[in-house]
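These notes are about the structure you will find just below.
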């Protein structure tokens, strides 16, 4: 048999099955123009978001509630959402589609029972049963422990780490009227306190479950309140919306940033990605003192002026989450559309390290050592540090001759109120500093004179430059940046374990 004929037969035998498989395989679904209408009980709904569920393909309805978009002929689901309504959906069909939107109830929440986030098979409605990955992220956040954090409670109640009373600063004893202000952010789902009942004058005395800033609280936020940011805090600066107390149907009510979750209980809310949501708790003037100013710092920052919200940095997607409710009706999504619920990109220390740039050099001349340091706040939407008024970033500059510390001949020194071990050492304090009526620093915000506030924190994009002179015997320079949540003298008095974070440490030799 001719060799070419043999080759032809072999190739045919190898290729024919693949050709036949391709010929018999069903073609992928074609896209077609899908038309339909969105309406409510009153008629057409304009400007509703109509989306092919789980995709980036969407359109808006016209003033007659009509829409047209390109969608697969079968197998897809289409959703419609507009603020003020439950999200609704329908399967793609051959003919025109009509989606009916139901308006949200206007429940007041007085007798609402909060949903517990803790996974529990005996309580099937608990958030963590379906959203385990999100629950696990949230559980590692400061929101989860906002009502039970022992340092917060120690400052609030005047206790030490073991709970011993009357140790150091004590807000509840000195200013009991501040209790409900604290609770409005740290325990926003607790009942309002009653000063005519002593045992109920402390909303943290017997916390009901769930406590803290939990899933159901945040996802009941419909929009901003009517107060002024900074003067009304926490739950008092938010519009909360609840399901009807005596409803004929099983609807719950959850607000979220996704507009295609059409389980029947969910509502789309742009406010969930609005910095004003964060501002309710992260902007606060208490007793005339600006205790929390992160929101106003953001407003003044390049990020704020560019419209880059708090959530864009603090709920950055991890890239690992692809389904928010696997096995419970959730669908696979682009991980870039699913934000993290720990509220830090990595963790707090990672973000702090990325937001500070340290440059340092040391040069020698015959008379001594010159050290030049530049510290820059970069790629950050607020001052460094931010948050609670007592937080600090401290730059330490230490010169050594062998193992012995060498005093600086020239350059800025740390203030005396940092304590005897650190007072007068080379370095810089970046913090808000308060004095009480007797001129003593540091002072708790409820005891401070507002006129004494001094703010030395770094603004976004700002560079602080320091110059030091050390004796010629110095042979190495160590530069450290540390972050502290509370003043060390206060923490030592209350016997708190150290929570100091080392942001950066660098050793340089004079050239």
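Each reported figure results from applying straightforward, stated rules to the coordinates on display, with no laboratory input. Note that this is a predicted model, so its numbers are computed, not measured. With ideal geometry, Cβ positions are generated from the backbone for all residues, glycine too; neighbour counts draw on all protein chains shown.
Quick rundown of the values:
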quantity: Sorted by Cβ density within 10 Å, fewest first, the residues 261, 503; calculated: 503, 261
quantity: Stretch gain in nm, segment residue 312-residue 300, where the contour uses 0.36 nm per residue and the Cα spacing is subtracted; calculated: 2.6 nm
quantity: Packing-based ranking, highest mean first, of 111-117, 84-90 given that Cβ atoms within 10 Å are counted; calculated: 84-90, 111-117
quantity: Relative contact order (percent, whole number), segment 356-407, Cα cutoff 8 Å, 6+ residue spacing; calculated: 23
quantity: Net length gained if the chain between residue 113 and residue 164 were fully extended (0.36 nm per residue, minus Cα distance); calculated: 15.0 nm
quantity: Net lengthening on full extension, residue 400/residue 476 (0.36 nm per residue, minus Cα-Cα); calculated: 26.8 nm
quantity: Translational diffusion coefficient (Stokes-Einstein; Kirkwood radius from C-alpha pairs) of segment 113-161 at 25 °C, 0.890 mPa s, in µm²/s; calculated: 199
quantity: Square roots of five times the Cα gyration tensor eigenvalues for segment 356-508, Å; calculated: 28, 18, 14
quantity: The chain, relative contact order in percent, only Cα pairs under 8 angstrom and at least six apart counted; calculated: 11
quantity: Relative contact order (percent, whole number), segment 356-508, Cα cutoff 8 Å, 6+ residue spacing; calculated: 32
quantity: Cα-derived Rg over Rh, computed across segment 231-338 with Rh taken as Kirkwood radius; calculated: 1.05
quantity: R0 of 30 Å, Cβ-Cβ distance residue 94-residue 120: FRET efficiency to nearest 0.05; calculated: 0.10
quantity: Computed over the chain, the ratio Rg/Rh where both radii use C-alpha atoms and Rh is Kirkwood; calculated: 1.10
quantity: Fraction of alpha-carbon pairs over 19 Å apart in segment 31-100 - percent; calculated: 21
quantity: Label-point separation in nm, residue 372 to residue 508, each point 7 Å along Cα→Cβ; calculated: 0.9
quantity: Ellipticity estimate at 222 nm from DSSP helix runs (n ≥ 4, -39,500 (n - 2.57)) divided over the chain, nearest 500; calculated: -5000 deg cm²/dmol
